[in-house]
Amino acid sequence: MITTNGIWMGAKPLEYSLPLFIFQLVIVVLTTRALVTILRPFRQPRVLAEILAGVVLGPTVFGRFPGFGETVFPMKSLLTLETAAHIGLIYFLFLVGVEMDVSVIRRMGRKALVIAIAGMIVPFAIGTSTSFIFRKQISNGMQQGPFLVFLGVALSITAFPVLARILAEIKLLNTELGRIAMSAAIVNDIFAWVLLALAIALAETERMAYASLLVLLSGAVFVFLCFYFVRPLMWWIIRRIPEGESVDDFYVCSILIGVMLAGLVTDAIGIHAAFGAFVFGLVIPNGPLGATLIEKLEDFVTGLLLPLFFVISGLRTNLNQIEDPVALGLLVLVFFLASIGKVMGTIAVALFYSMPFREGLSLGFLMNTRGLVEMIILNIGRDKKVLDNSAFGALVLMSVLMTAIVTPVVTLVHKPVKRLVGYKRRNLQRAKPDAELRMVACLHNTRNVPMIISLLEASNPTKRSPIFIYALHLVELTGRSSAMLIVHNSSVAKNGRHRGPSHGSQAQSEHIIAAFENYEQHAGGVSVQTLTAVSPYSTMHEDICNLSEDKHVTLIVLPFHKQQTVDGGMEETNPAIRTVNQSVLANATCSVAILVDRGLSGTGRSTTGQHMSHHVALLFFGGPDDREALAYAWRMAEHPANSLTVVRFIPGEEAAMRRLSSTDSRVITIVTDTERERQMDDEYLNEFRLKNVNDETVIYMERVVNNSEETVAAIRSMDSIHDLYIVGRGAGEMASGMLAGMIEWMECPELGPVGDLLASSDFAATVSVLVVQQYVGGGTVGGEGGGVLEMGEQPVQQYLNNAHNRGRMVAGTHKGVAGSFSTPGNWDNGR
C-alpha cells in the first residue's frame with residue numbers, strides 16, 4: 001500500500017511505501033550533508049562524502065546493527081528507491097551534458113590531448129593484462145571478456161567534475177597544470193562513455209557477435225540523430241525566445257520529456273539510459289536555454305535525487321562478506337598497478353614536453369580522480385553479472401581511497417617557488433616615473449566594470465608610462481557551482497575568451513571580458529589580461545595575493561562591499577566581500593586600494609570629446625599611506641584633462657598640547673620615529689610641489705586644525721566640484737590629535753577614519769573615494785619595518801588586531817611640531 005491510514009488507527013508508517021520513501025530520503029540527505037561538513041576541513045570533494053554516506057548506511061556499517069536494514073531499507077522498498085535514484089542519475093547526467101562544451105577538444109593543445117590518451121591507454125593496458133594473468137583467481141566464474149573490459153574502463157577514467165573542484169580548492173585552477181589537467185579530463189570523460197557503451201554491448205551479448213554489433217551501430221545512429229536532427233530543433237527553440245525574456249515553460253517541459261525518451265531509447269537499444277540523457281544534454285546549445293534548464297533542475301537533482309544513487313551503491317557494498325581474500329588482494333593489486341601506471345604514463349608525457357617532474361607527478365595523481373561515472377560503470381557491471389559482490393565492494397573502496405589521497409598528495413608535491421627576488425616596486429612611491437604600472441583590479445560582478453575603467457582612464461596611461469591591468473573576476477565556489485563553470489573559467493584565464501554556457505557567473509565573465517577588450521582597443525597605453533578565480537570567500541584573498549606576487553604587481557584595487565542606492569545612500573551587497581578586503585589588506589605584499597564607487601563613471605566631464613575630466617582631491621595628514629595616496633594622485637595629475645587639489649592638514653597648538661598630555665615613558669623612542677615620518681612627508685611633498693609649480697591644474701593648500709571636529713568641518717567645507725577623493729587608510733603619528741574622535745567612531749576600519757567619513761551616508765557630498773594602503777614591508781621607501789605576512793596566519797584576526805593601529809598611532813611628540821607647520825603654503829595658497 002502507498003499511504004497509511006494514520007498512527008491513530010494503529011498503522012505503522014514505515015510499513016507503507018510513501019512514508020518509508022520519505023523517511024529514507026531524509027536519512028540519506030542528512031547523512032550526506034553531515035559527511036560533507038566533516039570532510040570539508042580536509043578539502044575533500046563532495047562526491048567522496050556521498051559515496052561514503054552510501055557505505056555507512058549500507059551493510060558495512062549501520063547495516064550491522066540488528067533491525068536497521070530491515071526497518072530503514074527493507075528489501076521491498078529497494079525497487080522504489082532504485083527507480084528514484086536512476087531518475088536522478090538520468091537528469092544529473094543530462095545536466096552534465098548541457099554544461100559540457102565538446103568544442104574544447106578542438107581548442108585544446110596537443111600536450112593535453114596526448115596526456116589524456118596516455119592516461120587512458122596505459123592503465124587500461126595494465127589493468128586488463130594483469131587481470132588476464134590472474135583471471136582464475138579474480139574473475140571467479142564471471143564472464144571473462146566483459147570483465148576485462150569493464151575493469152579496464154573503470155581503471156582508466158578520470159572524473160572531470162570532481163577534478164575541477166579539487167583544483168579550485170587547492171588553488172591550481174588558473175595555473176598551467178590546472179588547465180592541462182582539466183582539458184585532459186574532459187577528453188578522458190567523453191572517451192569513457194564510448195568505452196562504456198562498448199563494454200555494455202559485450203556484456204549483453206557475449207555469445208552473439210552480430211547482436212553486439214547491432215547495439216554499437218544503433219548507439220552510433222542515436223548519437224547522429226541527436227546532433228543532426230535534435231540540435232537544429234533546439235536552435236529553432238532558441239530563436240523563438242524573445243531577447244531578454246525567459247524560456248517558455250512549454251519548451252522546458254518538452255525538453256525534460258525528451259530526456260526521458262532519450263533514456264528509454266538507449267535502454268531499449270541495450271545501452272544504459274544515462275548514456276542517452278548525457279548525449280541529449282550535449283546537443284543543447286550554449287545560451288539562455290541551457291541556463292534555464294540548469295537553474296530549474298540543478299538543486300533538486302543534485303541535492304535530493306542523486307544521493308540516492310550513491311546509497312544504492314552503498315547498500316550493495318558489503319565488505320564484511322569477502323569470501324576470497326586472495327582474489328580481493330589480487331584485485332587491489334590490479335587497481336594499484338593501474339593507478340601507478342596512469343601516474344607513470346602521465347609523468348613520461350610531461351617529461352617529454354619538458355614539464356618539471358613535480359608537476360608531472362601532481363598531474364598523474366590528479367588524473368586518478370574518481371567519481372560518479374566510475375560508480376555508474378561498477379553498478380552496471382554488477383547488474384550485468386560481470387562483477388560479483390566482493391569485486392564491486394573492493395573497487396568502490398579503492399576508488400574512495402584513491403580520490404581521498406589526491407588532494408593531500410598534490411598539495412605536498414606541488415609547491416611552486418615564490419618568485420620574490422628582484423621584485424622591489426611594491427608600492428607607487430618607490431616606482432620609477434616612467435615605469436610600467438602593474439595593477440590587479442578585482443571584480444565581483446559587472447557593476448564593478450565601469451568604475452574600474454573610469455579609474456584606469458583617470459590614471460593617465462601613456463606609451464611612456466603604460467598600465468598593465470589584470471582584471472580578476474572573483475567567483476564564489478559553492479556546493480552548486482557547476483564543473484563546467486570551473487572549466488570555462490580555467491579557459492578564460494588562458495585565453496581571455498570562451499564559448500561556454502552563458503549562465504550565472506559565466507555570463508558576467510563574458511560581459512567583463514568584452515568590456516575590457518573594447519577598452520583596450522580604444523585606449524592607448526593600456527594592456528589588459530582577464531582572469532577568473534573560483535574559490536570560497538574564505539580563501540579568495542589567497543588567489544588575489546598569489547596573483548599579485550606572481551605578476552609583480554604594484555597595486556591591488558578592491559571594490560568596496562557597499563554600493564550606492566537610488567537615494568544616494570550606501571547598502572551592503574555581500575558581507576563576505578568585506579572579509580575578502582580585510583584579508584587582502586592584511587596579507588598583500590604590495591600596495592592596496594579600496595574604491596568606493598558613488599558614480600565615478602558618470603561624474604566625468606567631457607573635455608576634448610575623447611577624454612573625461614575628473615576633479616580629484618587628495619587629503620594629506622601624513623604617514624606612509626598618505627604618501628602612497630599622493631603618489632597615485634600625482635600620476636592622475638599628469639593627465640591633461642584632470643585637475644588635482646592637495647590639502648595638507650597640520651595640527652594646531654591645541655592638538656599638539658593634547659598629544660603632549662598623553663605621552664608616557666615611550667616618548668623618547670617615539671620622537672625619533674615621528675621626526676623621521678615628518679621629514680619623509682616634507683621631502684615628498686616638497687618634491688611634488690617643485691615639479692608641479694607651473695601646473696595651473698594642480699592646487700596646494702594647507703589647513704590648521706586642532707581636533708577631529710575641526711577636521712570634519714574643514715573637509716565638509718571643501719568645494720563640491722570634486723568627484724574623487726583620494727586618502728590614505730592609516731594616518732601618520734602626527735595626525736592622532738586631529739583624528740582621535742573619528743577613529744573611535746569608525747564604522748568601516750578598512751577605510752581608515754577619513755575614508756570612513758567620506759564614504760558614509762552622513763557626508764553631504766556624494767563623491768567616490770579611493771582609500772590607499774602602502775605596502776610597508778622590506779624594501780619600501782625609508783626602510784619601514786614589517787615583513788611579509790604568512791598565508792594562513794588567520795588573516796582576518798590579524799587585520800582586526802591591527803586595524804586601529806595604523807590610525808591610532810602612539811601619542812608622543814614635542815612642542816615644536818605645530819609651530820613648524822603653522823604657516824600656510826606659499827604656492828597657490830588657498831586658491
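Here are some notes:
- Amide H contacts of residue 700: 646, each under 5 Å away and 5 or more positions distant or on a separate chain (H built 1.01 Å from N in the peptide plane; Pro and chain starts excluded).
- Prolate/oblate/rounded label for the range 707-776 (Cα gyration tensor, a/c 1.5): oblate
- Among 717, 601, 339, the sequence by solvent-accessible area, most first, with a 1.4 Å probe is 717, 601, 339.
- Derived scalar couplings ³J(HN,Hα) [the range 440-454; Karplus, 6.51 cos²θ - 1.76 cosθ + 1.60; whole Hz; x for Gly, Pro]: 10, 9, 8, 9, 9, 7, 5, 5, 6, 5, x, 5, 5, 5, 5
- Pairs exceeding 27 Å between alpha-carbon atoms, taken from 12/76; 111/385; 111/171; 562/691; 171/551: 111/385; 562/691.
- Working note: Karplus 6.51/-1.76/1.60 with θ = phi - 60° gives the range 41-58 the couplings x, 8, 6, 8, x, 5, 4, 5, 5, 5, 5, 5, 4, x, 5, 5, 6, x Hz, where Gly and Pro are set to x.
- Cα gyration tensor shape of the range 228-336, rounded if a/c is under 1.5, else prolate or oblate by comparing a/b with b/c: prolate
- Residues whose placed amide H lies under 5 Å from that of residue 441, excluding near-sequence neighbours: 470, 471, 472, 557
- Rounded to whole numbers, the Karplus 3J(HN,Hα) couplings from phi for the range 612-626 are 9, 8, 9, 9, 9, 10, 10, 9, 10, 10, x, x, x, 5, 5 Hz, using 6.51 cos²θ - 1.76 cosθ + 1.60 with θ = phi - 60°, and x at Gly and Pro.
- Residue order by solvent-accessible surface for 8, 745 is 8, 745, largest first, with ligands and nucleic acids left out and a 1.4 Å probe.
The values are calculated or read from the model by the stated rules, or taken from the named source; none is laboratory data. What you see is a predicted model; the values in this text were computed from it and never measured. Note: accessible area is taken over every heavy atom of the protein model, side chains too, but ligands, DNA and RNA are not part of it. Shrake-Rupley method; radii C 1.70, N 1.55, O 1.52, S 1.80 Å.
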